[in-house]
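These notes are about the structure you will find just below.
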Amino acid sequence: MILHSLQIQEILKAALQEDLGWGDITTQALFPFKVKAKGIIFPKEEMVLAGGSVVKELFSILDPEVAVNLHKKDGMKIKKGEKMITLLGDGRSLLKGERVALNFLQRLSGIATLTTQYVNLVKGTPARILDTRKTTPGLRILERYAVAQGGGKNHRFHLGDAILIKDNHIALARGLKSVLKSIRSASHSYAPLEIEVKNLKEVKLALAAGVDIILLDNMKPPEIRKAVKLINGSAFIEASGGINLFNVREIAETGVDFISIGALTHSARAIDISMDIKRV
């Protein structure tokens, strides 16, 4: 996944406006004139970087004269204390952008780091780690980018990307059979059809309907293995629900194609990252 500046400029402008308000009155009071300075950004713990390109775009909006040197690329593993980014320019601009830049880096790198942990745990199996739509409102494109930098894959980006029938669709339609009877005639031919099932009986119904992807919701590994055997390559298989760092390997070894994990974006811990600013 590649981030384009036009895709994220409005997000960054809104973040700067949120933090600057009517202006940085502390910096304005202390430094009425330009102060040449250097900022060094580094982590206080081992991490996987995501958001270096975001920092570069952020300062191009805040002050185009600030030079941003990315020493590490997004997706790279960074050691504690290792220099990631150097900024050179007006110290006032560095102070104004510091918190916003670090907020994005801490959040996105946290997602990338957690994703990498999951990806490493399923190595050697056919399973691929997917994200979900459980993202921070307005920040989905950035959080999905972070997942990709951590080695994960992106699920559907929005509701128009694919047909995914979940429990509430089934409840509203008064049953799985009713849903499967009508969905093909109403669906878009270009959109893949995925359905969420809870047991082997529903797996059989989904298979009979010829769906593209079967999502096994909150099934235990023994039942997942039975479902994989039953499906036997007739559809892609996704496992989801109740998945964590302790059980993801066991689930991957059942033979599923995908494992979707909401925690990648809704529960990733922010990485501790700092910026040191000095006069030059």
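Give the residue, chosen from Ile8, Ile2, that is under 29 Å from Gly151 (Cβ atoms), modelled with pLDDT under 95, β-branched (Val, Ile, Thr) and not in a loop (DSSP other than H, G, I, E, B).
The match here is Ile8.
What pairs come out if I take residues in segment 128-142 that are in contact (Cβ under 8 Å) with a residue 24 or more places away in the chain and pair them with residues that are among the hydroxyl-bearing types (Ser, Thr, Tyr) whose C-beta lies under 6 Å away, six or more apart or interchain?
Listed pairs, sorted by first residue: Ile129/Tyr118; Leu130/Ser260; Asp131/Thr265; Thr132/Ser260; Lys134/Thr265; Thr135/Thr265.
Scan segment 84-109 residue by residue and report those that are open to solvent by 50 Å² or more (accessible area, probe 1.4 Å) and either at pLDDT below 95 or under 19 Å from Gln149 (Cβ atoms) (or both).
Matches in segment 84-109: Asn103, Arg107.
Quick one: which residue in Glu18, Glu57 is modelled with pLDDT of 95 or more, more than 26 Å from Ile78 (Cα to Cα) and of a type in the set (Asp, Glu)?
Glu18 is the lone residue from the list that is modelled with pLDDT of 95 or more, more than 26 Å from Ile78 (Cα to Cα) and of a type in the set (Asp, Glu).
Going through segment 69-124 one residue at a time, which ones are acidic (Asp, Glu) and more than 24 Å from Asp24 (Cα to Cα)?
Answer for segment 69-124, where residues must be acidic (Asp, Glu) and more than 24 Å from Asp24 (Cα to Cα): Asp74, Glu82.
State whether the residues of segment 259-278 include one that is at positive phi and touching a residue at least 60 places away in the same chain (Cβ under 8 Å).
No, there is no match, as no residue in segment 259-278 is at positive phi and touching a residue at least 60 places away in the same chain (Cβ under 8 Å).
With respect to the numbered conditions (1) of a type in the set (Asp, Glu); (2) more than 20 Å from Ser274 (Cβ to Cβ); (3) open to solvent by 40 Å² or more (accessible area, probe 1.4 Å); (4) outside any loop (DSSP other than H, G, I, E, B), which one is the sole condition not fulfilled by Glu57?
Going through the list (1) of a type in the set (Asp, Glu); (2) more than 20 Å from Ser274 (Cβ to Cβ); (3) open to solvent by 40 Å² or more (accessible area, probe 1.4 Å); (4) outside any loop (DSSP other than H, G, I, E, B), Glu57 breaks only (3).
Could you grab me the full set of residues in segment 4-41 that are open to solvent by 100 Å² or more (accessible area, probe 1.4 Å), of a type in the set (A, V, I, L, M) and either touching a Ser or Thr at 6+ places or on another chain (Cβ under 9 Å) or under 24 Å from His71 (Cα atoms) (or both)?
Within segment 4-41, just Leu6 meets the criteria.
Regarding Ile261, is this residue in contact with a strand residue (DSSP E or B) (Cβ under 7 Å, 6 or more places away or on another chain), of a type in the set (A, V, I, L, M) and surrounded by fewer than 19 Cβ atoms within 10 Å (Cβ to Cβ)?
no
Hey, can you tell me all the residues within segment 42-54 that are in a strand (DSSP E or B) and buried (at least 20 other Cβ atoms within 10 Å of the Cβ)?
Pro43, Met47, Val48, listed by residue number.
Can you tell me which of Val248, Val203, Val197 is buried (at least 20 other Cβ atoms within 10 Å of the Cβ) and in contact with an Asp or Glu (Cβ under 9 Å, 6 or more places away or on another chain)?
Only one candidate passes the filter, namely Val197.
The values are calculated or read from the model by the stated rules, or taken from the named source; none is laboratory data. Fair warning: this is a prediction, and the values are worked out from it, not measured in the lab. FYI the Cβ positions are ideal-geometry reconstructions off the backbone, even for glycines, and counts take in every protein chain you see. Ligands, DNA and RNA are excluded from the accessible area calculation, which covers all protein heavy atoms including side chains. Shrake-Rupley method; radii C 1.70, N 1.55, O 1.52, S 1.80 Å.
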